[in-house]
Amino acid sequence: MSRRFFKRYAPMLMLPLLLIVIACTSEVSSPTSEVPAPTSEVSKPSAEPNAKPVIDVVTTIYPVTYFAERVGGDRANVESLIKAGVDAHDFEPTPSDIIKISNADVLVYNHPAFESWVVDAVSTSGSESLIVVKSADLPEDIEFKDAHGHAHGDEHGDEHGDEHGDEHGDEHGDEHGDEEAALVKSVSHVIEEVEHGDITAEQGISEIENLVHVLEDTHEGHVDDEHLDELLEELEKVIGHVEAGEIDAGDGIEEIETIIGAHHHEEDRHGDEHGDEHGDEHETLLDPHVWLNPVEAVEQVRAIQAAFTNADQAGASAYAENANVLIAELLAIDKKFIDGLESCALDHVIVSHEAYGHMAERYGFEQIGLSGLSTEVEPGPQRIAKIIDEIKILGVNHVLQEPIGNQKLAESVAADTNTEVLPFHPMESLTPEEFDSGETYFSIMDENLKSLRAALRCE
């Protein structure tokens, strides 16, 4: 069985077995008829010091775990599925993880553009009461359903996702015959499969070539959309370079991702009705690392607070108080970054992978990534050669490298350019050493600021 098939369908194959296990667990733990089951008021303790947790929460990546722990305080038992030292891009849930989800009151994750496995995991869990929190307030068009086909209440999804995604996305694509938008979406999906390791870059190029040929055959002789025609030509040009051996497939995928992004932004500039109004459907082009912008992290905290309050009304004041304290700290670190990066000689940094778009936009610098948004696609030699040239042209003296990732590549580029490697943390997950030493979101952000100030030559 291929790895791609297993990753896509394993959660569904596990469902019957997991439902049996969950049912058996419920029977063993349920009270006997001689002992009345406690009411919800009795079973949920007050917010006294050292009181037992009221809600069980499962989380994914480190930032949402940290925010959930801070907001939940003593009333929430928070467990992260992604452990320290694990590359969050590579994580796939195990059967025991699915059971944890099925037993939880709340699942907090970032966004489907990062944790693409969450949708299938929620469905496989079979839970009908689970509150699912998409903490990153970015558009998406995925509806969460349980094993019986019932929709889950996604705190951000219902407001920003299904309302502007499923309801308007495909409907308007078909209604208005927007072939360009459909092609962009299909190619984006292929890029996502490559970045997630479901298919190789070579297979991705082949699938994109098939998409181009199908659209050309369908509209042979009468493609009258100028933007679509331009997109097809650009894709064919890159595919031709790959087939001629002028660039490798990995670099081809990177170039195609850039082309797709440019066409998406072009649609936005022309007021395309499938853009901001109805939600960006191209999840692979979204940078989901919103937590690296403290102002956007505030929105994540509020989403978590709302979900916890929904699950535990009695704890509303406690969750609000905890969230307010955390938000004050986020706004303080934001001001620290603004002040620290106010006067800098450079405006570009070289990073190990392009996880810092939200941070860069907030604080006015540009990132150049050795790898793209995902760490799973190895950059080709042409990309690295271009970056080395840019380092020399821009006068950059540092390469910013994350602790979990390809250390050798950054060290090699630094050696070739006589630059220094500095730590720069995307916080997708912590290293075991960072976890054991008690590092937190804020201590790591402080270190990130130090590296940024050095790399940008700030006064």
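Can you spot a residue in segment 372-393 that is touching a His at 6+ places or on another chain (Cβ under 7 Å) and small (G, A, S)? Looking for residues that are touching a His at 6+ places or on another chain (Cβ under 7 Å) and small (G, A, S), one finds at least one in segment 372-393, hence yes.
Screening G438, G405 for residues that are surrounded by 15 or more Cβ atoms within 10 Å (Cβ to Cβ), assigned to a loop (DSSP other than H, G, I, E, B) and out of contact with any helix residue (DSSP H, G or I) (no Cβ under 7 Å at 6 or more places or on another chain) leaves exactly one candidate, G405.
Report yes if H425 is surrounded by 21 or more Cβ atoms within 10 Å (Cβ to Cβ), at pLDDT 95 or above and closer than 22 Å to D90 by Cα, otherwise no. Considered against the rule, which asks whether it is surrounded by 21 or more Cβ atoms within 10 Å (Cβ to Cβ), at pLDDT 95 or above and closer than 22 Å to D90 by Cα, H425 comes out as yes. When A355 is tested against the conditions (1) under 30 Å from Q305 (Cα atoms); (2) in contact with a strand residue (DSSP E or B) (Cβ under 9 Å, 6 or more places away or on another chain); (3) without any contact (Cβ under 8 Å) to a residue 60 or more places away in the chain, the lone failure is (3).
Summed over segment 447-459, residues that are surrounded by 14 or more Cβ atoms within 10 Å (Cβ to Cβ) and acidic (D, E) total 1.
Scan segment 346-390 for residues that are in a strand (DSSP E or B) and either of a type in the set (A, V, I, L, M) or in contact with a Leu (Cβ under 6 Å, 6 or more places away or on another chain) (or both) and jot them down. If the condition is that a residue be in a strand (DSSP E or B) and either of a type in the set (A, V, I, L, M) or in contact with a Leu (Cβ under 6 Å, 6 or more places away or on another chain) (or both), then H348, V349, I350, V351, S352, I368, L370 are the ones that fit. Exactly one residue out of V295, V325, V290, V301 is surrounded by fewer than 18 Cβ atoms within 10 Å (Cβ to Cβ) and under 17 Å from H111 (Cβ atoms): that is V295. For segment 351-365, the condition holds for at least one residue, the condition being that it is over 24 Å from E246 (Cβ atoms), at pLDDT 95 or above and β-branched (V, I, T).
Does any residue of segment 411-424 turn out to be outside any loop (DSSP other than H, G, I, E, B) and under 30 Å from V78 (Cβ atoms)? Yes; the residues of segment 411-424 include at least one that is outside any loop (DSSP other than H, G, I, E, B) and under 30 Å from V78 (Cβ atoms).
The values are calculated or read from the model by the stated rules, or taken from the named source; none is laboratory data. Computed from a predicted structure; not experimentally measured. Please note: Cβ atoms are built from the backbone with ideal geometry, for glycine as well, and neighbour counts cover all protein chains shown.
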